[in-house]
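Engineer: Just passing along the structure, written as structure tokens.
The values are calculated or read from the model by the stated rules, or taken from the named source; none is laboratory data. Keep in mind the model is a prediction, meaning the values are calculated, not measured. Cβ placement follows ideal geometry from the backbone for every residue including glycine, while neighbour counts extend to all protein chains displayed.
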Ligand code: 3HC
């Protein structure tokens, strides 16, 4: 299979990452089948794409015509057969649970053409383990986008233990065609490259709050205004989701050792379902305004 054989991309999961990836593929001119398990989920993802395209057009980053044609490229689905029956490439962005992903792959492979590649946007699970849940481990790899996909340049293309070179070549070529910069990750280790660096930082600031070494405001203003990061670390983890940080960290803790133990403050956020922007509350409160500090 070659990049020119890809016309239709199915994106599974219309959440934070899924709808953003679908938007990126639609902007590059692909026919995109966006699928989620409930009408309201897929509709919400579709509306977020619409909002984002309008925003990009308002700012003249793209033309109104480009925004319109990109939206026309997206077809929302709930049924799996319609979503993947004509797909040449699948990008899976469903919740980070092995059992959920396995069930999705089982359903997908009942209808997916044999030539199609499946790429997972997982940020926390082993690509080798995931590939073994499918009947095409050599046509399976990681394709890890960053939040927000439409604005972030990097894509990690991750090889699992069974991934064929051809699969990696096509996936890399696709990332380039989506106007992204792929980096090939040859080892399927916990957190791959970016999250192996970023997630310990997100955990460390939680340890600092847990141990009363610094406040959220002190940490975010220092990281944003002195370290040159575009956002405070807590602002960023509210955007990417503390549940995602926690999943990556649990896996790193299990495989790499105690230095990755989740901080009590992070545990508290998870227990209270304060996952960040997507749940209305994280370290900051998004219910009564955009990011008001929680005392
Ligand atoms: N589409 C279109 N516009 C969007 C948008 C989207 N999806 N999301 C936000 N915007 C808009 C906002 O509404 C705002 O619009 P406004 O100007 O009209 O108010 C504008 O973009 C934001 O503009 P800013 O000037 O505040 O910010 P920039 O545009 O300069 O940069 C950013 C925004 C690119 C997100 C920058 O802050 C950044 O790079 N942050 C770091 C992001 C990052 O590191 N992501 C990776 C996280 S790790 C990850 O995702 C992996 C996972 O596995 C955990």
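Engineer: Going through the stretch 194-242 one residue at a time, which ones are within 15 Å of residue 283 (Cβ to Cβ), free of Cβ contacts under 8 Å to residues at least 60 places away in the same chain and part of a loop (DSSP other than H, G, I, E, B)?
Structural biologist: Selection gives 214, 215, 231, 232.
Engineer: When residue 134 is evaluated against the numbered criteria (1) part of a helix (DSSP H, G or I); (2) in contact with a helix residue (DSSP H, G or I) (Cβ under 7 Å, 6 or more places away or on another chain), which criterion, by number, is the only one it fails?
Structural biologist: For residue 134, the exception is condition (1).
Engineer: I've got another one for you. Quick one: in the stretch 148-187, which of the residues that are loosely packed, with under 14 Cβ neighbours inside 10 Å and out of contact with any strand residue (DSSP E or B) (no Cβ under 7 Å at 6 or more places or on another chain) is nearest to residue 17 (Cα to Cα)?
Structural biologist: Filtering first and then ranking leaves 151.
Engineer: What tally of residues in the stretch 1-55 results from selecting those that are within 15 Å of the ligand (Cβ to nearest atom), free of Cβ contacts under 8 Å to residues at least 60 places away in the same chain and surrounded by fewer than 21 Cβ atoms within 10 Å (Cβ to Cβ)?
Structural biologist: Final tally of qualifying residues: 8.
Engineer: Here is a follow-up. Only one residue in 58, 72, 99, 92 is within 15 Å of the ligand (Cβ to nearest atom), in the same structural domain as residue 152 (by TED's automatic domain parsing) and surrounded by fewer than 16 Cβ atoms within 10 Å (Cβ to Cβ), so which one is that? Don't jump to the end; show me each part of the working.
Structural biologist: Details: 72 fails: within 15 Å of the ligand (Cβ to nearest atom); 99 fails: within 15 Å of the ligand (Cβ to nearest atom); 92 fails: surrounded by fewer than 16 Cβ atoms within 10 Å (Cβ to Cβ).
Answer to the selection: 58.
Each row is one residue, and each column tells you yes or no for (1) buried (at least 18 other Cβ atoms within 10 Å of the Cβ); (2) in the same structural domain as residue 232 (by TED's automatic domain parsing); (3) more than 16 Å from the ligand (Cβ to nearest atom); (4) modelled with pLDDT under 95.
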residue	(1), (2), (3), (4)
249	yes, yes, no, no
255	no, yes, yes, yes
258	no, yes, yes, no
264	no, yes, yes, no
270	no, yes, no, no
278	no, yes, no, yes
283	yes, yes, no, no
